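To start, the structure under review is shown below, and the notes come after it.
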Amino acid sequence: MGTVIDIPEELKSLHAPVTAMVDAILGAIRSAASLDATDYAATERLFASRAAEIEREAHRLALSALDVDRPLLRVGDVPHRRDHREPRTYYTLVGPVVVHRTIYRPAGNAKGTAVDPIALRAHAMDGGWLPATAQAMAFLLQQGTAREAATTGQQLLRLPYSHDTFATVGHRVAAQFEAHRDAVECQLITELELPETAHSVSVSLDRVTVPMEEPKARLPGRPRKGAPKRSVQRVYRMAYCATVTLHDAKGEGLLTIRYGRMPKGQIKKLVEGLCDDVVRLRERRPTLKVMLLCDGAHELWNLLDAEFTTTALGTELHRLVDLWHFVEKLGKALRVRYARQPRRVTEELGAWKLRLLNTEGAAEPLRRAVERWGLREAEGEAERPVHELLTYLEHQRDRLNYAKARAQGLPIGSGNVEATCKSLFEVRMKRPGARWHDDTGAHVVELRALALSDRWNRAMALAREYSAVSITWAA
């Protein structure tokens, strides 16, 4: 004896897809009675197909309920009048559905475009892409190419859309986020749950090359027959990575927020945002110590020093050149000094590293020792590692006190930003043959930074919230 499912009259259209699912399950059960080999992958696909039919019909019913059929509406501050009804396709995680909706146009002489109440109330992008669908497509796009995203959707038996559509929707999601980026990031840092063991916050900035597509200058004279009308070249430009990391009392990282900008991105505004993050974190925990960590590039330090001041943050600032960058330069110089004694290089490097880590002010004795080598002028023209080390020791002396930082439980390495350069740019942006434009590249970088920082879902929800337009009954 079967169980009767009572489907309300307004949901009677669900009867057919639900019945089809029940029949598919019964068929699978009956075929299992035989001991013959079973292609269960086909069963999985059948179940997914039947479930998708139910889901699409559920969306059609739910979206239809969002329609508004009244003579007048107020959309934002603009009165709108009912114009006509027409079918519209909406795109779900399991494919498109067609729903009849009412179209409204600005009343009287009010300016504006026609609006669809269903799309506005559902936060559908471009009038038809439902929010979770668009968000999922954008997430796959930040992970890989549009073709890979479409293929992933096919394998998951979801998101049955073309690779061109993945690219279009993904970039529109990114554009929506960018339109409200400042407000979204402000809210995200305000909501960030501070670990109880957070002792300090570090800020790091670094650069990484990105392959860009740029116009290629035409040669003088008439172009050769068959030459492309628009000649381009692939060149590498410097993009930027930045991190804000919370550390425990041993300098170990607890969580990291990642940011990126393409070569023509607003770098100064990025650094202003980093400073704002630190200010907001310290408002909630004034005891947080602040550490700036970079390699020795003057450009990066100038950018950070312009925003990160004692006045702006209300606390003492600590600055260090990343230990591993410095040790690398020391190692190169030692290989020149002890060119025929590789074991001596290892011994000296280890000894100086221990001294730097444990003795305050160790950089000055190191500088004097290197000066006594007398090798600054003896190097070749191509590479001058001893000269570079001495330059570091002279110009970065205030940023090399690793022992003092360790004694205060502060981090001494910028590994977080180094890793971000790889995960944010290298993995996604520097594939063989890849080349980018600043605008579309910035979209992917923005989306990927959110995903790598575990801020994806909340950032997407906030971007939709800030983009929403209110609908009220007109008086």
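Any read-out appearing in this document is the output of simple, stated calculations on the displayed coordinates, not a laboratory observation. Keep in mind the model is a prediction, meaning the values are calculated, not measured. A quick note on method: Cβ atoms are made from the backbone with ideal geometry, for glycine too, and the neighbour counts reach across all protein chains shown.
Here are the numbers for this structure:
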| quantity | calculated |
| --- | --- |
| Sequence-separation-based contact order of the chain, relative, with Cα cut under 8 Å and 6+ spacing, percent | 17 percent |
| The chain: angle of helix 298-307 to the longest principal axis, Cα-based, in degrees nearest 10 | 70 degrees |
| Test item: Cα-centred dipole of the range 323-412, Lys/Arg +1 and Asp/Glu -1 on Cβ, debye | 320 debye |
| Cα centroid of the range 1-46 to Cα centroid of the range 442-458, whole Å | 40 Å |
| Helix 323-337 axis, angle to the chain major axis (alpha carbon atoms, nearest 10°) | 40 degrees |
| Full-stretch length increase - Val235, Thr287 - with 0.36 nm per residue and alpha-carbon distance subtracted | 14.2 nm |
| With eigenvalues of the C-alpha gyration tensor scaled by 5 and rooted, the chain, Å | 55, 28, 26 |
| Angle in degrees between helix 385-395 and the longest Cα principal axis of the chain, rounded to the nearest 10 | 80 degrees |
| Extent along principal axes [Cα atoms of the range 346-440; Å; largest to smallest] | 51, 41, 26 |
| Spatial separation of Cα centroids for the range 328-350 and the range 108-147, in angstrom | 59 Å |
| Residues whose placed amide H lies under 5 Å from that of Val68, excluding near-sequence neighbours | Thr102, Ile118 |
| Burial order of peptide ranges 337-346, 387-396, 405-414 (average beta-carbon count within 10 Å, highest first) | 405-414, 387-396, 337-346 |
| Lysines whose Cα lies under 20 Å from that of Lys332, excluding same-chain neighbours fewer than 8 positions away | Lys353 |
| Likely footprinting exposure, Leu447, Leu313, fewest C-beta neighbours within 10 Å first | Leu313, Leu447 |
| Phi-based couplings in Hz for the range 428-445 (Karplus 6.51, -1.76, 1.60; Gly and Pro marked x) | 9, 9, 10, 6, x, x, 5, 8, 10, 9, 4, 6, 5, x, 4, 4, 5, 4 |
